[in-house]
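Below: one structure, written as structure tokens.
The values are calculated or read from the model by the stated rules, or taken from the named source; none is laboratory data. Predicted, not measured: the structure shown is a model, and the values here were computed from it. Cβ: placed from backbone, ideal geometry, glycine included. Neighbour counts: every protein chain shown. Each accessible area value is taken on the protein alone, full model and side chains, heavy atoms only, with ligands, DNA and RNA left out. Shrake-Rupley method; radii C 1.70, N 1.55, O 1.52, S 1.80 Å.
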Amino acid sequence: MTRPWTEIHLAKKAEQLERIPVEWRLTPDFLAKHADTIDLRPLVAESGILSEQELAITVLDATALAEQVAAGVYSAVETVTAYCKRAAVAQQLANCLTEIMFRDAIEEAKKLDEIYKTTGKTVGALHGVPMTFKECFHVKGYDASDGYITRTFDPSTYDSYLIELVRAAGAVVIAKTNTPQTMLVAEADNNVFGRTRNPVVSHLTCGGSSGGEGSAVAIGGSALGIGTDVGGSIRVPAACNGIYGYKPTNGILPMQGFAASNWKGMNTGVPAVAGPMARSARDLTLLSRTVRSLQPWKGDPAVIPRIFEQGITRPADKKPVIGVVYSSGLTPHPPVLRAIREAAEKLAAAGYEVKDFVPVDYAEIRAVTAELFTIDGLSYPKRELEAAGEPVVPSVQSIGFWGRPAKTPEQMWELGAKKGAFQKEMLDRWQQAGIDLVLCPAGPHTAVKPSEWAFDHYTVAWNAMDYPAVIIPFTTADPEKDPRATDFKPLSADDERIQAQYEPELMAGAPVALQFVGSRMSDAQLLADVEVLDAILNN
């Protein structure tokens, strides 16, 4: 690199600010006044940047918003402008965006309005819906740095396939969102853009690696977002920020042409998948059905034709049998255990058969996936950081992958065999239990202090199994309801470390999520089930 990384960082931050119109910028006094505010979400209205109509537009979920635009209640320009303004405020409060595309987005909205005016019809199911995408997707004319200093100021020359598809359905991409250095971290912090804040509890982590996406959706800066997930990267930030997130089975939604954060074509044996992050369960279905309706298998050879379209396989009058996992590998914090217990009780009271389920031990699965994720010893990120002279950020160190050595081919084969054996054992346990869904934690804790989310046991297990999973928000941490456990007996040194992180007062108000998991390729059924279950659990 010809310039110090610090200069490149400052240049990139200056570019971000330039892309926010002056009239949408918060004053230094406003930012200083709210520097220690915990819940950032009310500050959007308090800022005075958005009109009453714009505030009304930006509180709708994507499904309602698409209906209003299709009905002519709001134009695409009104809708996209409102969301661009809200995303601008979100960026200044939470630092959740990377590439800001407001000018192009509003021009695209004008074209959509002209089509609607001329034909009386929408372009597609997402007509006029403002969307954000995780940084690791290409948008022509904008960087896809993935948080690497070496990859800044190098605009993409094409759009990722999923970007093409949502645009074909009428969506308008307004920005990309922040990710961690190396991408393999449950945080969103790097030397290009800095650290993203959690807008619900700003002193806690936003999660990751789709952390910027989780933050943007939670504060209302995006009507519908797209993240990716290889170990929990959609589900962890969805849980941390109190929103909905869906990790599909591999082959359901396209990843063709995404901006890899590692060696192109590297196969760890645990595939990354793309999925929606949203404000409602029905929005997860909207995005998935819309993309699948465009036959993405015609553009991405990894997408499986017609499997999602088989749809609902269980009779409508038959409720799913739900297996509950309270703990595996690591002991969850008190708010998480309470949430799972209360959810199980509520579902049982609603007439569902609920039974305990013992999965393959999450710690055993995680021991294998941690080695698979580092088969190259993280040679790509180490090369990029060295080339720029940029330091490793704290969250990369704390998650424990950085120092793992590269594997030999023989070791890789052995790890793959272990993963296959776990898949067979999990399938057998699932069948023997006679369950349709699993209800389990999204993690061993709620959002923790920045850089302290170190273990992905509760999410990565389902990546390794290749089972679809959905996160729904359910409750919040409450010091009175969730005192420290008095009978805790650590399962391991890691378990003791996790439990020591629990600070009831610090975590007060943090979202507590539920994770629902379906069997492999049961995605359409899982999404339908979750909509029903969400209505029961959150009414």
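Of the residues VAL512, VAL532, the single one that is at pLDDT 95 or above, crowded, with 24+ Cβ neighbours inside 10 Å, among the β-branched types (Val, Ile, Thr) and farther than 24 Å from GLU425 by Cβ is VAL512. Is the stretch 13-30 home to any residue that is under 12 Å from GLN92 (Cα atoms), assigned by the TED database to the domain that holds THR285, within 24 Å of the chain's Cα centre (by Cα) and open to solvent by less than 50 Å² (accessible area, probe 1.4 Å)? Yes, the stretch 13-30 has at least one match.
Applying the selection to the stretch 361-370, what residues are surrounded by fewer than 21 Cβ atoms within 10 Å (Cβ to Cβ) and touching a residue at least 40 places away in the same chain (Cβ under 8 Å)?
Let us first name the residues in the stretch 361-370 that are surrounded by fewer than 21 Cβ atoms within 10 Å (Cβ to Cβ), namely 361, 363-364, 367, 370.
Once the filter is applied, which keeps residues that are surrounded by fewer than 21 Cβ atoms within 10 Å (Cβ to Cβ) and touching a residue at least 40 places away in the same chain (Cβ under 8 Å), the stretch 361-370 yields ALA363, GLU364.
Looking across the stretch 186-232 at every residue that is part of a strand (DSSP E or B) and not aliphatic (A, V, I, L, M), the one that is surrounded by the fewest Cβ atoms within 10 Å (Cβ to Cβ) is identified as GLY194. Residue count for the stretch 375-400, restricted to those that are buried (at least 19 other Cβ atoms within 10 Å of the Cβ) and under 16 Å from GLN181 (Cβ atoms): 10.
Within the stretch 290-300, the set of residues being touching a helix residue (DSSP H, G or I) at 6+ places or on another chain (Cβ under 8 Å) and either open to solvent by 30 Å² or more (accessible area, probe 1.4 Å) or outside any helix (DSSP H, G or I) (or both) comprises LEU294, GLY299, ASP300. Residue pairs whose Cβ atoms lie under 8 Å apart, separated by 6 or more positions or on different chains, with the first residue in the stretch 121-133 and touching a residue at least 40 places away in the same chain (Cβ under 8 Å) and in the same structural domain as CYS96 (by the TED database) and the second part of a loop (DSSP other than H, G, I, E, B) and not small (Gly, Ala, Ser), are GLY128/TYR74; GLY128/THR122; PHE133/VAL139. Candidates are the residues of the stretch 322-340 that are open to solvent by less than 10 Å² (accessible area, probe 1.4 Å) and among the β-branched types (Val, Ile, Thr); the one that is farthest from GLU353 (Cα to Cα) is VAL336. Please indicate, with yes or no, whether at least one residue in the stretch 119-128 is of a type in the set (S, T, N, Q) and surrounded by fewer than 23 Cβ atoms within 10 Å (Cβ to Cβ). Yes: the stretch 119-128 contains one or more residues that are of a type in the set (S, T, N, Q) and surrounded by fewer than 23 Cβ atoms within 10 Å (Cβ to Cβ).
Look through ILE322, ILE375 and report the one residue that is closer than 22 Å to ASN539 by Cβ and at pLDDT 95 or above.
Working: ILE375 fails: closer than 22 Å to ASN539 by Cβ.
Among ILE322, ILE375, only ILE322 is closer than 22 Å to ASN539 by Cβ and at pLDDT 95 or above.
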